[in-house]
1. Quickly run through segment 42-82 and pick out the residues that are hydrophobic (A, V, I, L, M, F, W, C) and at pLDDT 80 or above.
2. Filter segment 9-31 down to residues that are closer than 22 Å to TYR65 by Cα and modelled with pLDDT under 90, then give me how many there are.
3. Cβ-Cβ under 8 Å, sequence separation 6+ or interchain: first residue in segment 1-27 and surrounded by fewer than 10 Cβ atoms within 10 Å (Cβ to Cβ), partner at pLDDT 90 or above and outside any loop (DSSP other than H, G, I, E, B). Which pairs?
Amino acid sequence: MDTTPESYLDLFPLEAIVYLTPDSENGNKVYVLGGLVDESIHKQLTLRRAREQHLQTARLPIREYMVRAPNARNYHSETLAINQ
């Protein structure tokens, strides 16, 4: 993990930041975790479903910020498993 003394407010545009907190008064959002089956069952199923339903999509920035050490025995996926 990389750390920086810079604030996330200086690193990212405000419209791209969502601060999840249990103390928020904005509890009217619904988060659908759709990537749980994409890797092994139906590739891009959840993306197609969201587009068909005209829903916004987003992903966790795993490929941008997660760095895995090279290891031939350790499979690396950008899709999170249920227990992660």
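The values are calculated or read from the model by the stated rules, or taken from the named source; none is laboratory data. All figures in this text were calculated on a predicted structure; none of them were measured in a lab. Glycine also receives a Cβ, built like all others from the backbone with ideal geometry; neighbour counts cover every protein chain displayed.
1. Listed by number, the residues that qualify are LEU45, LEU47, ALA50, LEU55, ALA58.
2. Selection size over segment 9-31: 9.
3. Between residues of segment 1-27 that are surrounded by fewer than 10 Cβ atoms within 10 Å (Cβ to Cβ) and residues that are at pLDDT 90 or above and outside any loop (DSSP other than H, G, I, E, B), the close pairs are THR4/LEU11.
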